[in-house]
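The values are calculated or read from the model by the stated rules, or taken from the named source; none is laboratory data. This structure is a prediction, so every number in the text was calculated from the model and none was measured. Cβ atoms come from the backbone with ideal geometry, glycine included; neighbour counts cover every protein chain shown. For the accessible areas, the whole protein counts, side chains as well, though only heavy atoms, and no ligand, DNA or RNA atoms are used. Shrake-Rupley method; radii C 1.70, N 1.55, O 1.52, S 1.80 Å.
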Amino acid sequence: RTQYVATMERLEGVLRYRRVPPALQHHIFDYYRYLWENRMGYDESSVLDDLPPTLRRELSLTLKSDLVQKVSFLRDASLELVQTLSLEMRAVVFTPGDIIMREGDSGRHMYFISRGTVDVIAPDGTTVLQSLSDGDFFGEFALLHQQRRTATVRAVGYCDLYALDQEAFDRTLTFYPDFERE
């Protein structure tokens, strides 16, 4: 708690000194409040990085394996492959209204929803085609086909996601040539 209060005080000082508009200040403070209330201010990646390799692998698998195994093309993957992919996934937070990916952009990440809801938006920019929530995933075509994004996805509220980037996915597949061919 002391660290959180100190961070907020430093942040407030910087934002005032740099004359950041009040609306943006409010948005930034809301983000830090969300992190504090939902994660006690901890960054999952730094916690994992502090663990020895065996515990890092075990915790990472515990946190993410259910998400990874929902992906149809990973459902029959070996435990070792799922473990490796779980270690490569990075926790990211999106705030309400954030555009996570935009139709037509180059796709470099696949996302797994740990907590929250996102809307898949039609090309008109307003129509919601589909809502996705805890346990769902999106952006997998970017990993498989290296194609441009086919939809825009927007965070409805705060969203805790795991991101798997193209380079990590490709690097992992080099160790599993049978799975890559399949």
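State all residues of the range 143-159 that are open to solvent by less than 10 Å² (accessible area, probe 1.4 Å) and either touching a residue at least 40 places away in the same chain (Cβ under 8 Å) or over 23 Å from residue 60 (Cα atoms) (or both); if no residue qualifies, say none. Let's see the steps before the verdict.
Residues of the range 143-159 that are open to solvent by less than 10 Å² (accessible area, probe 1.4 Å), as a first pass: 143, 153, 155, 159.
Across the range 143-159, the qualifying residues are 153, 155, 159.
Can you tell me which of 7, 62 is assigned to a helix (DSSP H, G or I), open to solvent by 40 Å² or more (accessible area, probe 1.4 Å) and either of a type in the set (Val, Ile, Thr) or without any contact (Cβ under 8 Å) to a residue 60 or more places away in the chain (or both)? Please lay out each step first, then the result.
Numbers: 7 fails: open to solvent by 40 Å² or more (accessible area, probe 1.4 Å).
None of the other options fit; the residue is 62.
Can you tell me which of 110, 101, 89 is within 17 Å of residue 44 (Cα to Cα) and modelled with pLDDT of 90 or more?
Numbers: 110 fails: within 17 Å of residue 44 (Cα to Cα); 101 fails: within 17 Å of residue 44 (Cα to Cα).
89 is the lone residue from the list that is within 17 Å of residue 44 (Cα to Cα) and modelled with pLDDT of 90 or more.
From 13, 41, which residue is at pLDDT below 90, open to solvent by less than 80 Å² (accessible area, probe 1.4 Å), among the small types (Gly, Ala, Ser) and part of a helix (DSSP H, G or I)?
13
In the range 48-77, how many residues are of a type outside the set (A, V, I, L, M, F, W, C) and touching a helix residue (DSSP H, G or I) at 6+ places or on another chain (Cβ under 7 Å)? So that I can check it myself, show each step before the final result.
First, the residues of the range 48-77 that are of a type outside the set (A, V, I, L, M, F, W, C): 49-50, 52-54, 56-58, 60, 62, 64-66, 69-70, 72, 75-76.
If we keep only those that are touching a helix residue (DSSP H, G or I) at 6+ places or on another chain (Cβ under 7 Å) too, we end up with 56-57, 60, 64-65, 69.
Of the residues in that region, 6 qualify.
Among the residues of the range 160-181, write down those that are without any contact (Cβ under 8 Å) to a residue 12 or more places away in the chain and assigned to a loop (DSSP other than H, G, I, E, B).
Result: 174, single match.
Taking the range 62-86, which residues are over 15 Å from the mean Cα position of the chain (by Cα), hydrophobic (A, V, I, L, M, F, W, C) and modelled with pLDDT of 85 or more?
77, 79, 81, 82
Quick one: in the range 65-103, which of the residues that are outside any helix (DSSP H, G or I) and over 21 Å from residue 116 (Cβ atoms) is least open to solvent (accessible area, probe 1.4 Å)?
We begin by selecting, within the range 65-103, every residue outside any helix (DSSP H, G or I); these are 69-71, 75-78, 89-103.
Now drop any that are not over 21 Å from residue 116 (Cβ atoms), which leaves 75-78.
Numbers: 75: 134, 76: 136, 77: 18, 78: 47 Å².
It comes out as 77.
Taking the range 122-136, which residues are closer than 20 Å to residue 162 by Cα and either modelled with pLDDT under 90 or open to solvent by less than 50 Å² (accessible area, probe 1.4 Å) (or both)?
Step one: of the range 122-136, the residues closer than 20 Å to residue 162 by Cα are 130-136.
Listed by number, the residues that qualify are 132, 133, 135.
Examine the range 17-35 for a residue that is over 30 Å from residue 86 (Cβ atoms) and at pLDDT below 85, and state whether such a residue exists.
Of the range 17-35, the ones over 30 Å from residue 86 (Cβ atoms) are 17-29.
After this cut, where a residue has to be at pLDDT below 85 as well, the list is 17.
Within the range 17-35, one or more residues are over 30 Å from residue 86 (Cβ atoms) and at pLDDT below 85.
Go through (1) part of a helix (DSSP H, G or I); (2) surrounded by 12 or more Cβ atoms within 10 Å (Cβ to Cβ) for residue 20 and report which single condition fails.
Only one criterion in (1) part of a helix (DSSP H, G or I); (2) surrounded by 12 or more Cβ atoms within 10 Å (Cβ to Cβ) is unmet by residue 20, namely (1).
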